[in-house]
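Working notes, structure below.
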Amino acid sequence: MEYYFSAKQMSVGYRKCPLIRNIEIGLKRGEILTLIGPNGAGKTTVLKSIAGQLALIGGVAFLGKENIQHIPDTELAQKMAVVFTDRLRTELLTCEEVVATGRYPYTGHFGILSKQDHAAVREAMEFGHVTEMKDQDFTKISDGQRQRVMLARAICQEPEIIILDEPTSYLDVRYKLEFLSILQKLKREKGLTVIMSLHELELAERVSDQILCIQGEYVDRLGTPAEIFQPSYIGKLFQIECGSYDEKSGSMELEPPEGEAEVFVIAGGGCGRNVYRKLQRQGIPFRTGILYQNDLDYPVAKALAAEVIEAEMFEPVAKALFETAKRQMDRCRRVICCKERFGSLESANRELLLYAGQSGKQVEVSYD
Amino acid sequence: MAMSKQWRYTIAFFLLITGTLLFCILNICIGSTAISLTDIGRMIVGQEIGETERRILWDIRMPRTFAAMILGGALALAGYLLQTFFHNPIAGPFVLGISSGAKMVVALVMVFMMGRAIKVSSAAFIAAAFVGAMLSMGFVLLMSRRVHQMSMLVVSGVMIGYICSAVTELVVTFADDADIVNLHNWSRGSFSGMTWENVAVMSGLIAVTFGAVFLLSKPLSAYQLGETYARNMGVNVRFLRVWMVVLSSMLSACIVAYAGPVSFVGIAAPHLVKSLFGTAKPILMIPACFLGGSAFCLFCDLLARTMFAPTELSISTVTAVFGAPVVLWIMARRKRERNV
């Protein structure tokens, strides 16, 4: 297998003191590797070490077949660009001039830009969608805009690999998506290899070819998003204590309310989620059912409800399960029905609502 | 846009060169004895002029003017280098105590040598000043590892300056009478008493240093963006930092050895020049700061000589009057911008 970037037995850390040991990475040209892991786990340390900002404490990192530490500075600068969280310090520089600093490894002794350099700057600004900011002072634009200018600067460096540390942190949702789209475009059109860290798990899951999970002192897992986002893995990796993260749907929920459930919610098909969350906000514990395991409401219910009466998907609701639901409802004082009408395969829930009325429960409705 | 920038740079350079030349001429012409331009012209082409005029011109005013021009430029350049080094707009050889450190070692050497009736060459003075400048710089560097706020760094520099000045005062107090007069004038900062030999040595040294700084203009431009990015662009940051320290100390040492400590030029001149050009790019700023410092010092020396003639003011008195408000202005403006 021909890797563009690989790390063998790489140990990283500060001042000869290893923080993360024995990192193994193999990345083909044009792949995106994302580092995820809790705050302070050492994602930045790994990125800085790969970029040659920190000396490796052990092992080797390769670009192609070359040991990164043996590549001359300027040659490495032509191959690798970085976008780090360190604030770029500028004085009286316009955004265009900031982007133009990416040409540094290509200019002569006095750094004078040639025609080709100017063309590369223009092209990079177009590519990064920042052309309209080119005459603005870099210190006077927002953090999000600055991040996009920094990406344009990295593009301008015409690298083969780009290292980004939490590049989307300051961006709003539109620009988060735009930023990652630009990375994908670079990857597809220019065969750019990307190594970055992300806090947004849902984005990491979508954009990455490989994900490296860093957990304090070691790399916990390396794999495709499908391999990483296995049930209950994220909660373990981040040591989530308050609330939960559902790997399948990517939804996260706060802690479920504590205490004896007094409310029963009849839901299904996505109409119950808002009610669940409202009850969570009010601190009212509840039971809910009958939900198929592939229902939109199901992951939220699992995270928030004291009890979920769940039916196996694509199977009719068993008689025994219906009886369980009735018994659960008996223990509640109030019943909230989120369904305005029941489909022909939801007869169990319709009967449950009838049962609630017959047994004299306080029945409320809550339609979206 | 590119075109208008080019124009701005051209005009700015034109202004700086004109200003420097203008103040040069004024410095030569104006004084206790006014000398006309025609006399100067006649002397330059080798025609006879009055002996008094010739001596005033050739032995006093011209070397002094050249010294003010060269040392002023060096001072502004040293300031620019230190500001770049510390990413701090109010760094300079004076506020960081580098001038005072140089002054202290020079005073020690002077008193020690004169006490033994050894004639001190200007090279020895420069060497002593360089040692002193490096000493202070070392302290400032140690401090800068602990304090990251620009104001605190300046405060620690000022403290170092006070310590060095106190030691200097001590040395002066116990020196022989004859030395005191000499030392006292010099330790307050003055361009008086320059000889052609001085001018020759300083211009040689400063020309070499200037050339070295100019050759660093490309890595300096990368360094301005911060060390992380500089390193990514292939700059050997450690090597560059060592050079910046050595070169700025060299420049500061030259100034102190000849003119004593001169305040605020190192901050005010680069800042005014940056505002004039609307950029901080080293390739433009290195020559422009030099010119700006020259013009500024020539202007201040002119005032120092003539304002209360025949009493001469110390050069720092005048540079402080014009330079300190610039520092205040920078600090007030920095507060408003959140990007400090």
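Annotations
- B:A200, sole failed condition from (1) closer than 25 Å to B:M104 by Cα; (2) free of Cβ contacts under 8 Å to residues at least 24 places away in the same chain; (3) of a type outside the set (D, E, K, R); (4) crowded, with 19+ Cβ neighbours inside 10 Å: (4)
- For the criterion of being within 13 Å of chain B (Cβ to nearest Cβ) and farther than 23 Å from B:L215 by Cβ, A:I155 fails.
- The criterion of at least 3 residues that are in contact with an Asp or Glu (Cβ under 9 Å, 6 or more places away or on another chain) is met by the following helices (runs of 4 or more DSSP H) wholly inside the range B:10-124: B:37-44, B:62-86, B:98-115.
- Test: A:I162 is β-branched (V, I, T), within 14 Å of chain B (Cβ to nearest Cβ), in contact (Cβ under 8 Å) with a residue 24 or more places away in the chain and under 19 Å from A:R29 (Cα atoms): yes
- When the criteria are applied in full, A:L279 fails the requirement of being surrounded by fewer than 21 Cβ atoms within 10 Å (Cβ to Cβ) and under 25 Å from A:E351 (Cβ atoms).
- Given (1) more than 14 Å from chain A (Cβ to nearest Cβ); (2) among the hydroxyl-bearing types (S, T, Y); (3) in contact (Cβ under 8 Å) with a residue 40 or more places away in the chain, index of the condition B:T311 fails: (3)
- The condition (being more than 17 Å from B:F94 (Cα to Cα), touching a helix residue (DSSP H, G or I) at 6+ places or on another chain (Cβ under 7 Å) and not in a helix (DSSP H, G or I)) is satisfied by just one residue among B:A280, B:A309: B:A280.
- Of the helices (runs of 4 or more DSSP H) lying entirely inside the range B:164-271, those containing at least 2 residues that are away from every other protein chain (no Cβ under 14 Å) are B:177-188, B:196-215, B:237-259.
- Cβ separations smaller than 8 Å between residues 6+ apart or across chains give the following pairs from the range A:214-240 residues that are within 23 Å of A:P18 (Cβ to Cβ) to residues that are aliphatic (A, V, I, L, M) and assigned to a loop (DSSP other than H, G, I, E, B): A:I214/A:A41; A:Q215/A:A41; A:G216/A:A41.
- For the range A:1-53, filtered to residues that are open to solvent by 30 Å² or more (accessible area, probe 1.4 Å) and touching a helix residue (DSSP H, G or I) at 6+ places or on another chain (Cβ under 9 Å), the residue that is farthest from A:D209 (Cα to Cα) is A:Y14.
- Among the residues of the range A:42-88, those that are more than 14 Å from chain B (Cβ to nearest Cβ), closer than 28 Å to A:S169 by Cα and part of a loop (DSSP other than H, G, I, E, B) comprise A:G42, A:L56.
- Residue in the range A:140-161 that is closer than 30 Å to A:S49 by Cβ and part of a strand (DSSP E or B) present: yes
- Pairs, first modelled with pLDDT of 90 or more in the range B:228-241, second in a loop (DSSP other than H, G, I, E, B) and open to solvent by 10 Å² or more (accessible area, probe 1.4 Å), C-beta under 6 Å, six or more apart: B:R231/A:Q53
- Enumeration of residues in the range A:185-213 that are free of Cβ contacts under 8 Å to residues at least 60 places away in the same chain, of a type in the set (D, E, K, R) and touching a Ser or Thr at 6+ places or on another chain (Cβ under 8 Å): A:E200
- Scanning the range A:95-112 for residues that are crowded, with 16+ Cβ neighbours inside 10 Å, more than 22 Å from A:Q147 (Cβ to Cβ) and more than 8 Å from every other protein chain (Cβ to nearest Cβ) returns a single hit, A:Y106.
- Qualifying residue in the range B:69-91 (condition: within 22 Å of B:G189 (Cα to Cα) and modelled with pLDDT under 90): yes
The values are calculated or read from the model by the stated rules, or taken from the named source; none is laboratory data. This structure is a prediction, so every number in the text was calculated from the model and none was measured. Using ideal geometry, Cβ is built from the backbone for each residue, glycine included, and neighbour counts are taken over all protein chains shown. Note: accessible area is taken over every heavy atom of the protein model, side chains too, but ligands, DNA and RNA are not part of it. Shrake-Rupley method; radii C 1.70, N 1.55, O 1.52, S 1.80 Å.
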